[in-house]
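Trainee: Before I ask anything, here is the structure I am working with.
The values are calculated or read from the model by the stated rules, or taken from the named source; none is laboratory data. The structure presented is a predicted model; accordingly, all values stated were derived computationally and were not measured. Ideal geometry is used to build each Cβ from the backbone, glycine not excepted, and the neighbour counts take in all protein chains shown.
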Amino acid sequence: MKQKVTVVGAGNVGATAAQRLAEKELCDVVLVDIIEGVPQGKSLDLTQAAPIEKHDAHLTGVNSYEASANSDIVIITAGIPRKPGMSRDDLLATNKGIIKSVTKEVIKYSPDAILIIVSNPLDAMCHVAMEESGFPKQRIIGMAGILDSARFRAFISMELSVSVESIHALVLGGHGDTMVPLPRFSTVAGVPITELIEANRIEEMVTRTRNGGAEIVSLLKTGSAYYAPASAAVEMAESILKDKKKILPCAAYLTGEYGISNLFVGVPVKLGSKGIEQIIELKLSAEEQQALNKSAAAVQELVDAMKKMG
Ligand code: APR
């Protein structure tokens with residue numbers, strides 16, 4: 001393949017992302033993990049699936065970063081996932097250390113890469129990657145909004161028995177309990193769901209979306225969601241690799257947009273070959289803006305907590 005994506009963390013999310021990237025024949029894939037044998041084993045297994053899946057993407061599994069050199073994109077999924085009873089914020093200290101060390105290695109070999117951050121707590125981990133890499137804000141993007149919106153879309157589809165393909169949804173804010181699903185901007189064939197579903201039922205679906213990750217953690221018991229998170233990260237990579245310029249909700253570093261400064265928060269962005277090519281500013285109602293401010297404040301709290309950790 002002409003293009004190359006490195007996925008750091010060969011666990012549930014990372015390996016699934018590698019599989020999707022290869023099967024969509026988007027790029028060659030380098031899978032990196034600290035556990036010896038795991039990235040090698042998984043990439044060999046995926047390589048052996050290639051003749052059946054009919055793709056010619058090359059997969060390489062490694063424990064160091066030389067093979068990742070000159071990646072177009074690096075997807076960072078390294079870190080610990082949640083267990084039942086844990087919030088994403090409980091992962092802060094552990095994953096901060098991991099993202100810091102991973103970013104340091106990644107940028108040594110791929111100084112021009114675009115970083116897609118997946119590890120949680122997502123928005124805070126974007127700050128760690130930005131600080132460690134010194135990369136411009138266009139090249140550090142957090143995966144959250146596509147996943148949260150996909151969860152909302154799935155629930156709308158279940159509610160109305162309509163194809164997921166006819167449903168758009170928008171979830172802004174931080175990737176946590178304060179995220180902001182926006183029913184007014186969530187549509188079925190262009191019609192806002194506020195015209196199709198009773199308000200109290202929408203509220204229930206909004207709550208289920210906010211708790212979407214926790215619902216899966218409580219079912220799996222040993223880890224957190226990975227199929228949908230991997231799909232979301234790969235949609236971002238595809239838009240960048242193919243310079244599609246899709247408008248997707250992602251965590252982006254805001255410098256005044258939505259009245260928020262110096263903070264990663266989920267907003268709609270245009271993703272192309274340069275990374276974040278535009279931040280789309282929607283006209284929010286006072287209530288929606290208030291909810292976004294509350295969510296941004298929750299992200300700020302985590303960023304402040306990390307500063308205290310040193
Ligand atoms: N360098 C490389 N890989 C690492 C490092 C490191 N410093 N530290 C941990 N890892 C690897 C682990 O060895 C493991 O294989 O990261 C992988 C994480 O995989 P899982 O435990 O299966 O977790 P996963 O479900 O993939 O979630 C990863 O994404 O969605 C978020 O909250 C989730 O933060 C979590 C991350």
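Trainee: Taking the stated definitions as given, is Lys108 surrounded by fewer than 16 Cβ atoms within 10 Å (Cβ to Cβ) and more than 28 Å from Ile193 (Cβ to Cβ)?
Mentor: yes
Trainee: State which residue is nearest to Leu241 (Cα to Cα) when the search covers only the range 58-84 and only residues that are buried (at least 21 other Cβ atoms within 10 Å of the Cβ) and without any contact (Cβ under 8 Å) to a residue 60 or more places away in the chain.
Mentor: Here the residue is Leu59.
Trainee: OK, next. Looking only at residues that are of a type in the set (Gly, Ala, Ser) and part of a helix (DSSP H, G or I) in the range 127-184, which one is surrounded by the most Cβ atoms within 10 Å (Cβ to Cβ)?
Mentor: Restricting to residues being of a type in the set (Gly, Ala, Ser) and part of a helix (DSSP H, G or I), the top hit is Gly145.
Trainee: Is it true that Gly275 is buried (at least 23 other Cβ atoms within 10 Å of the Cβ) and among the small types (Gly, Ala, Ser)?
Mentor: Answer is yes for this residue.
Trainee: Test of understanding: among Asp123, Asp89, which residue is outside any strand (DSSP E or B), in contact with a Leu (Cβ under 9 Å, 6 or more places away or on another chain) and surrounded by 19 or more Cβ atoms within 10 Å (Cβ to Cβ)?
Mentor: Asp123
Trainee: When Ile35 is evaluated against the numbered criteria (1) touching a helix residue (DSSP H, G or I) at 6+ places or on another chain (Cβ under 9 Å); (2) farther than 20 Å from Ala232 by Cα; (3) β-branched (Val, Ile, Thr), which criterion, by number, is the only one it fails?
Mentor: That leaves (1) as the condition not met.
Trainee: Those residues that are assigned to a loop (DSSP other than H, G, I, E, B) and either of a type in the set (D, E, K, R) or near the ligand (Cβ under 9 Å from one of its atoms) (or both), I need them from the range 70-84; list them, please.
Mentor: Asp72, Thr77, Ala78, Gly79, Ile80, Pro81, Arg82, Lys83
Trainee: Can you name the residue in the range 192-230 that is surrounded by fewer than 15 Cβ atoms within 10 Å (Cβ to Cβ) and among the basic types (Lys, Arg) and is also modelled with the highest pLDDT among such residues?
Mentor: That would be Arg201.
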